[in-house]
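Colleague: What follows is a structure written as structure tokens; I'll ask about it next.
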Amino acid sequence: MSKRNILVTGGAGFIGGHVVRLLTAKYPQYHIINLDKLTYAGRRENLSDLEGLPNYSFVQMDICDYEGLKALIAERRVDGIIHLAAESHVDRSIADPFTFARTNVLGTLALLQAARDFWQPLGWEVDGIPCRFYHISTDEVYGALAMDRPDGVEPPFTTGASSSAHHLAYGTEFFRETTAYNPHSPYSASKASSDHFVRAYHDTYGMPTIVTNCSNNYGPYQYPEKLIPLFISNIIKRKPLPVYGRGENVRDWLYVEDHARAIDLIFHAGAVAGTYNIGGCNEWKNIDVVRLLVREVDKQLGRSEDEDMNLITFISDRPGHDVRYAIDSSKLRDELGWEPSLQFEEGIARTVAWYLAHRDWLENC
């Protein structure tokens, strides 16, 4: 393959870090530029083993810095952008919506315009390489799905990786690439707006763009404000496990390394102006996720089975809490051949093992 200069925004974050690690290992001929503001959830030390590699560099910058982005893209002759930088925690968006609008909307706009300034005069090619702006978004932009089949039905997208005893769907509807946007939180509204800006830059200026919408990610290096790492930490310390409502809300869970593989594939082979949904085909009620975490942490710590189930407490539900998310990833499978590789139980076992082996990382967070 040709040498490329790929800018990954948010590369010191959870998903971004896994993408950077995959790309630097898989494409030694590329140069991967990791751009991150290093907010509370961005940790440069997560990728300390990459420092010094000839195909990797780090730049600390705010994606709202239009002039800085413009200079960087031109100086490094960036031909591809994988845009992951974002504020992503729903609870924080409810408390501080302005920060989410600034980073997710205005930051994306600054990045789009900076890329356009360099790419458009070159005919959307840099040194003979077609440019590409790949924007990673969320399934939350679609709103909520009904739980109209509480006993579970077979989902439209099944793989061996997801054929666990638990595997089922809690409704008959699924998010597809054609599903209308209907965001319900400041976070999802900010991501929906950024998605529209990306598509508008293709339709207005001809920028070669791709948008993907993914389900809930989990795995190593996730900042412990999110459910899975937070609850692993709390179970270790025998602290309460606060569950919104009765824990009946359903999410589709995607192992982060499977998501990184999908991003790599879509960046290189996805259709320009295309949209792809990326899901783990793993629908779980929140309360069942928490119970699975208790069992797995207790097992790996050598505690008695279900010893810490009494840590579960139910609290008032979150405002605008969507009932169910579920993604149909059939388009991605059919067009590009991607499938998730892990059953949820296996992914949780790996994730728990990682956090138990990196308790100092949790404490430092």
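Readers should treat all values here as calculations from the given coordinates under stated rules, not as data from a laboratory. It should be emphasised that the depicted structure is a prediction, and the values quoted were computed from it without experimental measurement. Glycine also receives a Cβ, built like all others from the backbone with ideal geometry; neighbour counts cover every protein chain displayed.
Colleague: Helix 286-301: angle to the longest alpha-carbon principal axis of the chain, degrees 0 to 90, nearest 10?
Modeller: 80 degrees
Colleague: For segment 162-238, what class follows from the C-alpha gyration tensor (a ≥ b ≥ c being the square roots of its eigenvalues): rounded when a/c is under 1.5, otherwise prolate if a/b is larger than b/c, else oblate?
Modeller: prolate
Colleague: Apply the a/c threshold of 1.5 to the C-alpha gyration tensor of segment 6-93 and tell me whether it is rounded, prolate or oblate.
Modeller: oblate
Colleague: Over the chain, calculate the relative contact order: mean separation of alpha carbon pairs under 8 Å at least 6 apart, over the residue count, as a percent.
Modeller: Over the chain, the number comes to 18 percent.
Colleague: Moving on to the next point. How far apart, in nanometres, would the label points at residue 364 and residue 146 be if each is projected 7 angstrom from Cα along the Cα-to-Cβ direction?
Modeller: If labels sit at residue 364 and residue 146, their model points lie 4.9 nm apart.
Colleague: Continuing with the same structure: Using Rg/Rh (Cα atoms, Kirkwood Rh) as the read-out, say which of (i) 1.17; (ii) 0.96; (iii) 1.19 was calculated from these coordinates.
Modeller: Matching entry in (i) 1.17; (ii) 0.96; (iii) 1.19: (ii).
Colleague: Treating the angle as unsigned and between 0 and 90°, give the value, to the nearest 10°, between the Cα long axis of helix 66-75 and the longest Cα principal axis of the chain.
Modeller: The two axes meet at around 60 degrees.
Colleague: Another question about this same structure. Please give me the summed charge of the neighbours of residue 298: other residues whose Cβ is under 9 Å from its Cβ, Lys and Arg +1, Asp and Glu -1.
Modeller: Net charge in that neighbourhood comes out at -2.
Colleague: According to a simple spin-label model (label point 7 Å from Cα along Cα-to-Cβ), what is the distance in nm between residue 349 and residue 117?
Modeller: Computed distance between label sites residue 117 and residue 349 equals 5.2 nm.
Colleague: Just add up the charged neighbours of residue 102: K/R +1, D/E -1, any other residue whose Cβ is under 15 Å from the Cβ of residue 102.
Modeller: Spelling it out: positives minus negatives among the neighbours equals -1.
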